[in-house]
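Accompanying notes for the structure given below.
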């Protein structure tokens, strides 16, 4: 009976589950907003390139 109580109270694996859920949510957000993210990154690189060319 003591072993069962310790197993129920053990939360060692909870951190792993939380990290996996966060990773899954982040990957799904990236997949959903892929086109918007690439557009923003391209515009940032264009601004950086234009800024470097002006120096």
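Data overview
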quantity: Given (1) at pLDDT below 95; (2) in a helix (DSSP H, G or I); (3) exposed (fewer than 10 other Cβ atoms within 10 Å of the Cβ), number of the condition residue 55 does not satisfy; calculated: (2)
quantity: Any pair with Cβ under 6 angstrom, 6 or more apart, that starts in region 40-51 at a residue that is on the phi > 0 side of the Ramachandran plot and in contact (Cβ under 8 Å) with a residue 60 or more places away in the chain and ends at one that is assigned to a helix (DSSP H, G or I) and surrounded by 10 or more Cβ atoms within 10 Å (Cβ to Cβ); calculated: none
quantity: Some residue of region 16-29 being modelled with pLDDT under 85 and in a helix (DSSP H, G or I); calculated: yes
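The values are calculated or read from the model by the stated rules, or taken from the named source; none is laboratory data. As the structure is a computational prediction, the values presented were derived from the model and not from experiment. Note that each Cβ is placed from the backbone with ideal geometry, even for glycine, and that neighbours are counted across all protein chains shown.
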